[in-house]
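**Student:** Supplied in structure tokens, the structure appears directly below.
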Amino acid sequence: MANPRQVSEHEAQGEVDRVLHEMRRTLRVTGLDVTVRTWAGFERFLVAMWEAMGPNTETRAFESAADEVRAQAVEAAESLGRLGAWEAAVLGESQRYHVRGTLELYHYLDPKMLVFTSAVKLALQDERVGVLQPLGSAERVERGAPARMMAMEEVEERPGDARLRGLFEDIEETVGPPALPGEFRGLALWPGYLEAAWERLKPRMRTEEWARACDALLETSRRLARRLPYEVALSKERLEVLREDAELIQRVTVQSEWRLPVLVLGMATLVDDVRDLERRLPFPAEARLVPDFVVGEELR
């Protein structure tokens, strides 16, 4: 079955463009992942989903949930041992600087997307997500990507280089649908490093220890998603009312949640391999100090 159509931030228009811009600002990143780009192919769903999830996403509770997932992934990566890809890759100092920045970006984003996707998936299965609190009552964090965060850049999903195309096909087959993860398209800007990393990462992904660590990350993500401050107003019925392809949206969401722990642990493993990167809190968030009446207006 063909992959669902993705909508990039560069081609988005109208309400999709607005939502993607707000998501990027609220998630505090320089770009969005494949899960969001795939959801963006369903405009009515994307808007409704963001209305339901947005208030949670800018809270300290959501930030802390992602931090907990990331810390758990780091502990798992450390227990599995270092890859040795960082020493094996032939890179100049400038190249190493940019690879570090790319790893930091996804190491920060992926745990957020795992908690986010777990919340959406559980809500679409009619499970209770979030607790009832007045909007604006939970502590919020500042919006916008940190100044030192690397810009999200990627090579084409179907590159002209046959060797890189073969590598992408192997990665996509190994990590599963809905599409080639942006993490590897980003690292493909340095093909030598990506080859060294994937050569060592792929066998590890097939071990029982890796599978157990991913299962534990998924369990943690779902637990934290259920405890978000605000109730998530999504459901099977809501999905049907939107008159979108409900079956396809649910399939994509389930697939994305299933493979995100693999990506979270994969990035934690690559970050651990570098040694001099911040593993648990790469981009600490500051509290957003605004008057209550401003919060109320923004959350309407």
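The values are calculated or read from the model by the stated rules, or taken from the named source; none is laboratory data. Since we're looking at a predicted model, the values are computed, not measured. Cβ: placed from backbone, ideal geometry, glycine included. Neighbour counts: every protein chain shown. Heavy atoms of the whole protein, side chains included, go into the accessibility calculation; ligands, DNA and RNA do not. Shrake-Rupley method; radii C 1.70, N 1.55, O 1.52, S 1.80 Å.
**Student:** Kindly indicate whether any position in segment 44-61 is assigned to a helix (DSSP H, G or I), surrounded by fewer than 22 Cβ atoms within 10 Å (Cβ to Cβ) and in contact with a strand residue (DSSP E or B) (Cβ under 7 Å, 6 or more places away or on another chain).
**Tutor:** Among the residues of segment 44-61, at least one is assigned to a helix (DSSP H, G or I), surrounded by fewer than 22 Cβ atoms within 10 Å (Cβ to Cβ) and in contact with a strand residue (DSSP E or B) (Cβ under 7 Å, 6 or more places away or on another chain), which makes the answer yes.
**Student:** Going through segment 223-254 one residue at a time, which ones are buried (at least 17 other Cβ atoms within 10 Å of the Cβ), in a helix (DSSP H, G or I) and aliphatic (A, V, I, L, M)?
**Tutor:** Leu224, Ala225, Leu239, Ala246, Ile249, Val252
**Student:** Condition first: open to solvent by less than 50 Å² (accessible area, probe 1.4 Å), in contact (Cβ under 8 Å) with a residue 40 or more places away in the chain and closer than 19 Å to Glu142 by Cβ. Can you find one or more residues in segment 79-86 that meet it?
**Tutor:** Scanning segment 79-86, I find no residue that is open to solvent by less than 50 Å² (accessible area, probe 1.4 Å), in contact (Cβ under 8 Å) with a residue 40 or more places away in the chain and closer than 19 Å to Glu142 by Cβ, so the answer is no.
**Student:** Name the pairs whose Cβ atoms lie under 7 Å apart, with the first residue in segment 1-28 and at pLDDT below 90, the second part of a helix (DSSP H, G or I), and 6 or more positions between them or separate chains?
**Tutor:** Pro4/Thr38; Pro4/Leu248; Pro4/Val252; Ser8/Arg37; Glu9/Leu20
**Student:** Taking Ser137 and the conditions (1) polar (S, T, N, Q); (2) modelled with pLDDT under 95; (3) assigned to a helix (DSSP H, G or I), which numbered condition does it fall short on, given that it satisfies the others?
**Tutor:** Going through (1) polar (S, T, N, Q); (2) modelled with pLDDT under 95; (3) assigned to a helix (DSSP H, G or I) one by one, Ser137 breaks only (3).
**Student:** For Asp161, only one of the following conditions fails: (1) open to solvent by 50 Å² or more (accessible area, probe 1.4 Å); (2) touching a residue at least 60 places away in the same chain (Cβ under 8 Å); (3) over 22 Å from Leu109 (Cβ atoms). What is its number?
**Tutor:** The failed condition is (2).
**Student:** For segment 197-211, enumerate the residues that are surrounded by fewer than 16 Cβ atoms within 10 Å (Cβ to Cβ) and closer than 13 Å to Arg259 by Cα.
**Tutor:** Hit for segment 197-211 is Ala211, nothing else.
**Student:** Follow-up. State whether the residues of segment 71-89 include one that is under 21 Å from Pro181 (Cβ atoms), part of a helix (DSSP H, G or I) and within 15 Å of the chain's Cα centre (by Cα). Walk me through it before giving the result.
**Tutor:** Here is the first cut: in segment 71-89, the ones under 21 Å from Pro181 (Cβ atoms) are 72-74, 76-77, 80, 83, 85-86, 89.
Next, from what is left, pick out any that are part of a helix (DSSP H, G or I): 72-74, 76-77, 80, 85-86.
With within 15 Å of the chain's Cα centre (by Cα) added as a condition, the list becomes 73.
Scanning segment 71-89 turns up at least one residue that is under 21 Å from Pro181 (Cβ atoms), part of a helix (DSSP H, G or I) and within 15 Å of the chain's Cα centre (by Cα).
**Student:** Surrounded by fewer than 16 Cβ atoms within 10 Å (Cβ to Cβ) and of a type outside the set (Gly, Ala, Ser), is that true of Glu154?
**Tutor:** On the way: surrounded by fewer than 16 Cβ atoms within 10 Å (Cβ to Cβ): no; of a type outside the set (Gly, Ala, Ser): yes.
Criteria not met by Glu154.
**Student:** Give segment 8-41 a look and list any residue that's farther than 26 Å from Gln133 by Cα, open to solvent by less than 20 Å² (accessible area, probe 1.4 Å) and assigned to a loop (DSSP other than H, G, I, E, B), or say none.
**Tutor:** Ala12, Val29, Gly31, Leu32, Asp33, Ala40
**Student:** Then there is this: Considering only residues of segment 62-78 that are open to solvent by less than 10 Å² (accessible area, probe 1.4 Å) and among the aliphatic types (A, V, I, L, M), which is farthest from Pro284 (Cα to Cα)?
**Tutor:** Initial filter on segment 62-78 (open to solvent by less than 10 Å² (accessible area, probe 1.4 Å)): 62-63, 65-66, 69-70, 73-74, 77.
Next cut, among the aliphatic types (A, V, I, L, M) only: 65-66, 69, 73-74, 77.
Numbers: Ala65: 13, Ala66: 11, Val69: 15, Ala73: 17, Val74: 16, Ala77: 21 Å.
Going through the qualifying residues, I end up with Ala77.
**Student:** Quick one: in segment 100-134, of everything that is assigned to a helix (DSSP H, G or I) and among the acidic types (Asp, Glu), which residue is surrounded by the fewest Cβ atoms within 10 Å (Cβ to Cβ)? Give the derivation first.
**Tutor:** First pass over segment 100-134, keeping only residues assigned to a helix (DSSP H, G or I): 100-124.
Remaining after also requiring among the acidic types (Asp, Glu): 104, 110.
Details: Glu104: 22, Asp110: 26.
Checking each candidate, the answer is Glu104.
**Student:** Could you tell me which of the residues Asp276, Asp215 is more than 30 Å from Arg44 (Cα to Cα), out of contact with any His (no Cβ under 8 Å at 6 or more places or on another chain) and modelled with pLDDT under 95?
**Tutor:** Numbers: Asp215 fails: modelled with pLDDT under 95.
Answer to the selection: Asp276.
**Student:** Note down all Cβ pairs under 7 Å where the first residue falls in segment 194-213 and is farther than 16 Å from Ala73 by Cα, the second is open to solvent by less than 80 Å² (accessible area, probe 1.4 Å) and of a type in the set (Val, Ile, Thr), and they're at least six residues apart or on different chains.
**Tutor:** Going by the 7 Å Cβ cut-off, the qualifying pairs are Trp198/Ile171; Lys202/Thr174.
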